[in-house]
1. Given H placed 1.01 Å from N in the peptide plane, which residues other than close sequence neighbours of Val71 have an amide H under 5 Å from its amide H?
2. I'd like to know which of Ala78, Pro53, Leu40 lies farthest towards the positive end of the charge dipole of region 32-81, counting +1 on Cβ of Lys and Arg and -1 on Cβ of Asp and Glu.
3. Roughly how many percent of the accessible protein surface of the chain is carbon and sulfur, given a 1.4 Å probe and a whole-percent answer?
4. With no solvent and one point on each alpha carbon, what is the Debye value of log10 I(q)/I(0) for region 66-153 at q = 0.19, 0.24, 0.25 Å⁻¹?
5. Using a 1.4 Å probe, what is the accessible area per residue for region 7-105, in Å²?
6. Sort Arg89, Arg54, Arg9 by heavy-atom solvent-accessible area, probe 1.4 angstrom, most to least.
7. log10 I(q)/I(0), Debye, Cα-only the chain, no solvent, q = 0.08, 0.09, 0.16 Å⁻¹?
8. With a 1.4 Å probe and all protein chains kept in place, how do Tyr159, Tyr11, Tyr272, Tyr266 rank by accessible area, largest first?
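The values are calculated or read from the model by the stated rules, or taken from the named source; none is laboratory data. For clarity, every value in this text was computed on a predicted model and none was experimentally measured. Cβ sites come from the backbone with ideal geometry, for glycine too, and all protein chains shown count toward neighbours. These accessible areas exclude ligands, DNA and RNA; they are computed on the full protein's heavy atoms, side chains included. Shrake-Rupley method; radii C 1.70, N 1.55, O 1.52, S 1.80 Å.
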Amino acid sequence: MRSTGHSERVYVVTGADSGIGARVAEMLAERGAHVIRCGLGDGVEVNADLALPRGRARLVEAVRALAPSGVDGLALVAGVGAPSALSVRLNFFGTIAVVEGLRELLAASAAPRVVAVSSASALSAGDDALIETMLSGDEPGGVAAADRLVAAGRGSVIYRSTKIALNRWVRRHAGDGEWAGRGILLNVVAPGVVATDTTMSAVLASEAQAKVLATALPQPLGMPGPVEPVAEQIAWLLTPSSAFTTGQVLFVDGGADVVLRGERPYAQGVRYGPLAIARMLFWSAVARMKGGRDGD
C-alpha cells in the first residue's frame, strides 16, 4: 500500500535556519524524509540569499546536484517583514524563482507538492499598484514601487502586499497545465501571529505594539499562537495524502480570518460567463439525447 507519510520523500525547505522553517525541517526529518535545508544561517545544506538573483540560481543549482532524481516537495518559508523593497525581492520574487526553477525536479515525483508560507496580514488591503507590478513579473518595477511607498511614508503596506501577491499567484497558476496538469499541487499556508523568536523580539516587543496588532489581526485562540500547528499544516500539505487539494490558502491564524471576513468569501456563488453557460447547455443537451437513445 502506498505510504501517506513522509518516509523516503525528498523535500526542500527555505528559511530552514529559524522560526517556522526550522521547525518544519525538523518535523519532516523526524518523520523519515530527506530534507534539504536552505537559508542564510548555520546548519543548512544550501546557503543562498533568495533576495538576489544569484542566490536564487545558487539554490536551484545546488538542489539539482543534491537531488538529481527529483524533489517531492517544497516548503517555501523564507521571508522577511521589512517595510522596504527587500520584502518584494525575497517574499515574492525569491519564492516564485525557487518554485519555477525546481518545477522539473518536482515533475519527476509521483506526488509533488508545493507549500508557500504567506501571512494572515494578507487579509488587510495592500497597495494595488505594487501587487499588480509583482504579478506582472516586473521585479525592477516592484522594487521601484516599494521605494516610492517608503518615500511616501507607506512602507508598512509593503509586507502584506507581497503576501497578497503570493496568494494570488498561487490561485492564478495552481490550475494551469504546467502545475495541476503535471500533478504538482500548489497551496499556501497563511499563519497568524505566532511565537517565533523574531515575533517576540520585534513584532510584540512592547505592550503598545501588541495592542495595535491585536486590533488589526484579532486572534480568538490567542496571541501569539504556537508555531507547532502551523508546521503541522505545512507538513500535511506536503504528504501524498493531501492529493486533490490545490490552489488553497489555508489560514492557520487563531481565528483572525473568520473574525475579519466572516462569511463574505462564501456569500455569493460562482457567476459563469456566456461561454461557460453555452458549453454547459450544449453538453446537457448531448447527455439528454444520449440518455434517450440508451432508453430505446
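1. Leu106, Ala108, Ser109
2. It is Pro53, whose Cα lies furthest towards the positive end.
3. 56 percent
4. -0.89, -1.19, -1.25
5. Numbers: 3910 Å² over 99 residues.
The answer is 40 Å² per residue.
6. On the way: Arg89 70, Arg54 180, Arg9 20 Å².
Per-residue accessible area, sorted high to low, gives Arg54, Arg89, Arg9.
7. For the chain at q = 0.08, 0.09, 0.16 Å⁻¹, log10 I(q)/I(0) is -0.38, -0.47, -1.33.
8. Accessible-area ranking of Tyr159, Tyr11, Tyr272, Tyr266, largest first: Tyr266, Tyr272, Tyr159, Tyr11.
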